[in-house]
Amino acid sequence: MKQKPRVLLLSASSGAGHVRAAQALEKAFAARGDCQVEHIDTIQYVSKLFQRVYDKAYISMVRRAPELMGVLYERTDQPWRHPGRRLALDRLNTTPMVRLLKRVQPDLCVATHFLAAEIVAWLIAKRKLHARNAIVVTDYDVHAMWLCRTVDRYYVAIDEAREYLARIGVPREKLRVMGIPIDPLFAKPWDRAETRRGLGLDPAASVILVSAGGYGIGPVEQLVSDLLALERPWQIVAIAGKAEKVRKRLEEISRGAGQLSGGAPRLVPVGFTTDMDKYMASADILVGKAGGLTTSEALARALPMALIEPIPGQEERNADHLLEAGAAIRCNNLPAAAWKIAGLLDDPDRLRRMRDAARAMGKPGAAEAIAEDALRLVD
């Protein structure tokens, strides 16, 4: 009997999106039943110093010096320039990952982070790994860090990304526009009123979902306070993620925020949650960052977005695509953000057009489509 192909998913926990994309793919591959699938966080297979840089420095820079993040993003976005230098540095720090790949010898590698993609491509080029190599880009633009020569498939989010890669020398037959993989739960239909009741929300009030991202990054408390100060009959759900200090401060704000006419709290603080699909199904608008995974989840729910202070670099580019499609507004000035969001909620026709634009841009079945196509590489 023919052995099932072995699929190795390679993510990196330098930002939650890469891991969530791989987790969605893991579900999709496992649901098929025609392969063996394993998901590893490659940050656990690099040197301790490299791990600190990727894991801690990234979050610190996003919080304290986002402008520097933008400068680094732009200066390193030079296709096919200096790949040897970067590879040499990465090879020095990824010896445990190289050992793992040589030992496992998967049939198919699928990387949702550029570090893993680069090491896999190098091992294949040196004939030390006999696998097919697929890269899943987790933003709407494709930064030069994603570029590798020994790649069988690039999965990108939008047509423009495919055209860009083709124009800089990636063969078109290697390119697929599939969307960014998200958990299949985001494709599941929910009755809005029933979902709200299940989450303890008011079934009739407008719901503003404010998300700080998985690490609690962003001006959440100020924004929530400004929204409450408008004294509108809406309910605010604020997701603090893993930031416990943020969640506790939001709870303090909630205690003084009062209740809606039906008795439900005006502000509902939420810590880390696995019910984001339900909260998005309950909401009228998502207010938050422009990360590739969060925005893809919102698009799958046909949820209009108000983007707050996108991180310079990939988030700003993501925001540009969402604005161009008509699925989002951007709030560049925090003091005026609540006023701008209120204006959108007061315009149901515009909100409906944005919902339609989000639905048209969404690709809720991306993970399943990628799994199906990628396995053809090993047939």
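The values are calculated or read from the model by the stated rules, or taken from the named source; none is laboratory data. Fair warning: this is a prediction, and the values are worked out from it, not measured in the lab. Positions of Cβ are generated from backbone atoms using ideal geometry, with glycine treated the same way; all protein chains shown enter the neighbour counts.
Before moving on, here are some points about what is shown:
- Residue within segment 86-103 that is under 19 Å from GLU368 (Cα atoms), part of a loop (DSSP other than H, G, I, E, B) and either in the same structural domain as LEU49 (by TED's automatic domain parsing) or more than 25 Å from the chain's Cα centre (by Cα) (or both) present: no
- Every test in (1) in contact with an Asp or Glu (Cβ under 9 Å, 6 or more places away or on another chain); (2) more than 30 Å from ALA257 (Cα to Cα) is passed by PRO219 save one, and that test is (2).
- The one condition in (1) surrounded by 21 or more Cβ atoms within 10 Å (Cβ to Cβ); (2) out of contact with any Asp or Glu (no Cβ under 8 Å at 6 or more places or on another chain) that PRO310 fails to fulfil: (2)
- Flag if ALA302 is in a loop (DSSP other than H, G, I, E, B) and surrounded by 19 or more Cβ atoms within 10 Å (Cβ to Cβ): yes
- Filtered residue count, segment 221-263, keeping only those that are assigned to a helix (DSSP H, G or I), surrounded by 16 or more Cβ atoms within 10 Å (Cβ to Cβ) and among the basic types (Lys, Arg): 2
- Single residue of ARG63, ARG91, ARG85, ARG127 found to be surrounded by fewer than 12 Cβ atoms within 10 Å (Cβ to Cβ) and either at pLDDT below 90 or touching a His at 6+ places or on another chain (Cβ under 9 Å) (or both): ARG85
- Scan of segment 24-54 for residues that are at pLDDT 90 or above and out of contact with any strand residue (DSSP E or B) (no Cβ under 7 Å at 6 or more places or on another chain), ordered by number: ALA24, LYS27, ALA28, ALA31, ARG32, GLY33, ASP34
- Taking residues in segment 226-240 that are outside the structural domain of LYS289 (by TED's automatic domain parsing) and closer than 16 Å to GLU251 by Cα, and partners anywhere that are surrounded by 24 or more Cβ atoms within 10 Å (Cβ to Cβ) and among the acidic types (Asp, Glu), not one pair has Cβ atoms closer than 9 Å while being at least 6 places apart or on different chains.
- Single residue of segment 31-47 satisfying the filter (over 16 Å from ALA366 (Cβ atoms) and of a type in the set (A, V, I, L, M)) that is surrounded by the most Cβ atoms within 10 Å (Cβ to Cβ): VAL46
- Filtered residues of segment 272-293 (kept if under 18 Å from ARG192 (Cβ atoms), small (Gly, Ala, Ser) and not in a loop (DSSP other than H, G, I, E, B)): ALA281, SER282
- Hey, ALA290 crowded, with 23+ Cβ neighbours inside 10 Å and either closer than 23 Å to GLU252 by Cα or assigned by TED's automatic domain parsing to the domain that holds ALA325 (or both) or not: yes
- Among the candidates ALA327, ALA360, the residue that is at pLDDT 95 or above, of a type in the set (A, V, I, L, M), surrounded by 14 or more Cβ atoms within 10 Å (Cβ to Cβ) and touching a helix residue (DSSP H, G or I) at 6+ places or on another chain (Cβ under 9 Å) is uniquely ALA327.
- Of the criteria (1) assigned to a strand (DSSP E or B); (2) at pLDDT 95 or above; (3) within 17 Å of GLU297 (Cα to Cα), which one ILE182 fails: (1)
- Only one entry in THR138, THR150, THR195 is buried (at least 16 other Cβ atoms within 10 Å of the Cβ), touching a helix residue (DSSP H, G or I) at 6+ places or on another chain (Cβ under 6 Å), in a loop (DSSP other than H, G, I, E, B) and touching a residue at least 12 places away in the same chain (Cβ under 8 Å), namely THR138.
- Residues of segment 1-18 that are without any contact (Cβ under 8 Å) to a residue 40 or more places away in the chain and either closer than 24 Å to GLU297 by Cα or not basic (Lys, Arg) (or both): MET1, GLN3.
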